[in-house]
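Encoded as structure tokens, the structure appears first; notes follow it.
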Amino acid sequence: MYDIAVLGELLIDFTPVGLSPNGNPIFERNPGGGPANMACAAAKLGAHTAFLGKVGDDPFGRALKETLEKNGVDAGRLLLSREHPTTLAFVHLDEKGDRSFSFYRRGGADTMLSPGEIDPAVLDECRYFFCSSVMMAEGPSRETSFFLLEEAKRRGRTVVFDPNLRPNLWASAEEMKEQVLRALPYAGILKVSEEEAFFLTGTKNVEAAADALLSRYAPALLCITLGAEGSFACTRKYRLRHPAFPVRAADTTAAGDSFTGGLLAAILETGKEVPELSEEELSRALRAANAVGALTASRKGSISALPAREEVAELLAQK
Ligand code: ADP
């Protein structure tokens, strides 16, 4: 039995690490992909996590599989393709540590996962099914995402959805919005960044965006992450906000993904479903998620930046 089955892209993030003696940028080969970051974050915090996806049967793909395993994620269902190469992304950081991406993804293995390649029975073996919109951007992976969302619903599994909007992976912003709006009704737990909440609702205020998302899609739990301002959570009973832990941001890549991993691990530890959580338990889970996000933002890289359980406990004990 798994706590979380994670569907998503697993790829190489080439992150800048300075200049060569010739003055050219040097990129480091880092494992990445939002859902993979989330899976590793949750697994490092003790959640039993399985990854569903596809990489190329090439040195990049094999290294990625090894990374999942080293972080405690079950990679037994990760497919290695002889036909399609591992997807690559180059990360660009601005002076504040905020990131942008260039993707090399057309025909990339993560877009080429067909519905017939994943046995939906895995959904009977998990408590949460996590997915994001990046797998919906192109190729058969879109159909697979909706197939598994439908199967998760049919089997009564809680869907955790993080839109993780990456407009430059889509043919158009309209198509991205259309597919994300199609996915939102499946979400039992919905995590969005502030910018995503504004994009999806057309409002410019967190409370109003939360009201719109809750009334339109009715997730049991909605979390809106606010970067260095912390995060916001709503259920049908409670509405909470926690400030961020003060850290010096080195690279915010994976902060949001690790936030979700931290949130799910903390909810799982209560042994309760979201509607049964007390305000205190929800508050503790949100604070723990902020701690995981802050530690991740304080270091360079994505999966390599994820904190261990002890580090999170130490930060949570500080105040
Ligand atoms: P995303 O990566 O999805 O854009 P955010 O940037 O909102 O997500 O970050 C997710 C969470 O990580 C935030 O809610 C916060 O708890 C933590 N975090 C992000 N940036 C910082 C920061 N500069 N300082 C402290 N915590 C941060």
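Below is a table of values for the structure above.
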item	result
Restricting segment 241-289 to residues that are under 30 Å from Lys96 (Cα atoms) and among the β-branched types (Val, Ile, Thr), the residue that is modelled with the highest pLDDT	Thr260
Residues being surrounded by 20 or more Cβ atoms within 10 Å (Cβ to Cβ) and touching a strand residue (DSSP E or B) at 6+ places or on another chain (Cβ under 7 Å) - total across segment 124-156	11
Residue among Val73, Val55, Val6 that is buried (at least 24 other Cβ atoms within 10 Å of the Cβ), more than 16 Å from the chain's Cα centre (by Cα), within 23 Å of Cys126 (Cα to Cα) and in contact (Cβ under 8 Å) with a residue 12 or more places away in the chain	Val55
Out of Pro21, Pro16, Pro35, Pro25, sole residue that is more than 30 Å from Tyr128 (Cα to Cα) and at pLDDT 95 or above	Pro21
Test for Gly230: is it modelled with pLDDT of 95 or more and in contact with a His (Cβ under 6 Å, 6 or more places away or on another chain)	yes
Verdict on Pro307 being more than 8 Å from the ligand (Cβ to nearest atom), modelled with pLDDT of 95 or more, touching a Ser or Thr at 6+ places or on another chain (Cβ under 7 Å) and not hydrophobic (A, V, I, L, M, F, W, C)	yes
Conditions (1) within 19 Å of Thr144 (Cα to Cα); (2) assigned to a strand (DSSP E or B): number failed by Pro35	(2)
Tabulated pairs, segment 153-169, first within 17 Å of Gln179 (Cβ to Cβ) and of a type in the set (Val, Ile, Thr), second away from the ligand (no atom under 13 Å from the Cβ) and not in a helix (DSSP H, G or I), C-beta under 6 angstrom, 6+ apart or interchain	Val159/Phe129; Val159/Ala187; Val159/Gly188
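The values are calculated or read from the model by the stated rules, or taken from the named source; none is laboratory data. Note that this is a predicted model, so its numbers are computed, not measured. Glycine gets a Cβ as well: all are built from the backbone with ideal geometry, and neighbour counts include every protein chain shown.
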